[in-house]
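To start, the structure itself, in structure tokens.
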Amino acid sequence: MLYGYEDWPKLSLESFKLGKELNPRSLRVGSIKYDFEPTSVVITGMGGSGIVGDIVRDSLWSYNIIVHKDFNIPKWVDSRSLVIAVSYSGETLETICGALDALKRGIPVVGVTTGGRLASELEGRGAPVVKVPKAIAPRFGLPNLLYAVLGVLSHYLSIPEIDESIKIQEDALKSELPGRLASFVRGHVPMIFVPLGLQAVAYRFKNDLNENAKTPAVVAVVPEADHNDIVAVMLKHPVKYIIIRGRTDDVHDYLMRTVEEVVRSYSSDVEVIELKGSSRLSQEVYGSMLLGLVSIKLAELYGIDPVRTDPINTLKEKIKGISCPSN
Ligand code: PA5
């Protein structure tokens, strides 16, 4: 079973259109105007919704994209910024609080969700909401959320390579790597080295390993990892090393090759993943899909249900009644 991965190309296209159809530029919410050139875009969301912000930040790296994974948005954000609140279920308290806090402070907010309280709170205040199709679980709705956000952003920023990023998904679907890599990491903690600029791929992989395969994982972002994480290779641990290589610039490419050399000089438990695609967006979408499939295969090897995330549900239930922080 592929948990809807086979529909990603179609959903990506549809969701981009949904995001684009809602042209927030024509809108006004009380005194809040949406027709402006944002000095920054704040993308707020948690978990499988929050990773959308990481991918957008890496992909649109020449813009000021801030990823926010908490309740109220930072104090410095003002009405020159655009806030996009992403929550698959629309029930995530952190994201609802962030969106309402922004609106209260006169900052334009766009919601991207399947519905829930986020949609009703925003719509009740006249703020725009893109409603995306449902998936098996929030993280499986990545194309729905990501491409809807890109569609909205296309009214404000120049978005590269949408077509290529959708086409390349077929390559990830056809790859035989997921089964092989799942067997490689089985019974171990994956330590994932990734270059800065493509780190969302590694965080998405970590999150998918955590949630789908109930497995802890470590992300080591280069160059910072060259100054700390790398030292852990000196001792034998129940760890398998995964090196994600993509194209950002010559320096980071060189750094990743040197990291591989150093890790291999201590351990033979190393696999290198080459990201396909010419833009960062394509590479991140390709990597998210390919490595997400690894987490599904690993769940299969462990004989567990990738969809169940009982501890998340317990935690959400426990914080349900609390109020948003007062600023
Ligand atoms: O993938 C998951 O199930 C989680 O990581 C959720 O995305 C996270 O708990 C946030 O929920 P939502 O995406 O509904 O806002």
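Figures for the structure shown
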{"item": "Spherically averaged projected area in nm², based on the convex hull that wraps the Cα atoms of the chain", "result": "16.2 nm²"}
{"item": "Distance (nanometres) between label positions extended 7 Å along Cα→Cβ at E37 and K10", "result": "4.1 nm"}
{"item": "13 Å beta-carbon shell around E94, net charge (K/R +1, D/E -1)", "result": "+1"}
{"item": "Percent RCO, i.e. relative contact order, over the stretch 107-181, from Cα pairs under 8 Å lying at least 6 residues apart", "result": "22 percent"}
{"item": "Listed pairs K214/K320; K131/K318; K174/K316; K236/K318; K17/K318; K174/K236 exceeding 30 Å between Cα atoms", "result": "K174/K316; K236/K318; K17/K318; K174/K236"}
{"item": "Estimated FRET transfer efficiency (L2, L315; beta-carbon r; R0 25 Å; 0.05)", "result": "0.35"}
{"item": "Estimated [θ] at 222 nm from DSSP helical runs (n ≥ 4, -39500 (n - 2.57)) normalised by residues in the chain, nearest 500", "result": "-14000 deg cm²/dmol"}
{"item": "Modelled label reach - S183, point 7 Å along Cα→Cβ, the stretch 197-241 residues with backbone N closer than 19 Å", "result": "240-241"}
{"item": "The stretch 1-48: C-alpha gyration tensor shape, a/c 1.5 cut-off, then a/b vs b/c", "result": "prolate"}
{"item": "Mean Kyte hydropathy of 0.5 or more with a Cα span along the axis of at least 15 Å, helices from DSSP in the chain", "result": "93-104, 142-153, 280-302"}
{"item": "Per-pair calculated FRET efficiency, R0 = 56 Å: R28 and E271 via Cβ, rounded to 0.05", "result": "0.60"}
{"item": "Pair R257, V307: separation of 7 Å Cα→Cβ label points (nm)", "result": "4.6 nm"}
{"item": "Spin-label model distance (nm) - S120 vs N327, 7 Å beyond Cα toward Cβ", "result": "2.6 nm"}
{"item": "Ranking by accessible area, most exposed first, for I166, I322, I66 with a 1.4 Å probe", "result": "I322, I66, I166"}
{"item": "Segment K236-L196, length gained on full extension (0.36 nm per residue, minus Cα span)", "result": "11.8 nm"}
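The values are calculated or read from the model by the stated rules, or taken from the named source; none is laboratory data. What you are looking at is a predicted structure, and each value in this text was computed from that prediction instead of being measured. Don't worry about glycine lacking a Cβ; one is built from the backbone with ideal geometry, like all the others, and counts go over all protein chains shown. SASA here: full protein model, heavy atoms, side chains in, ligands and nucleic acids out. Shrake-Rupley method; radii C 1.70, N 1.55, O 1.52, S 1.80 Å.
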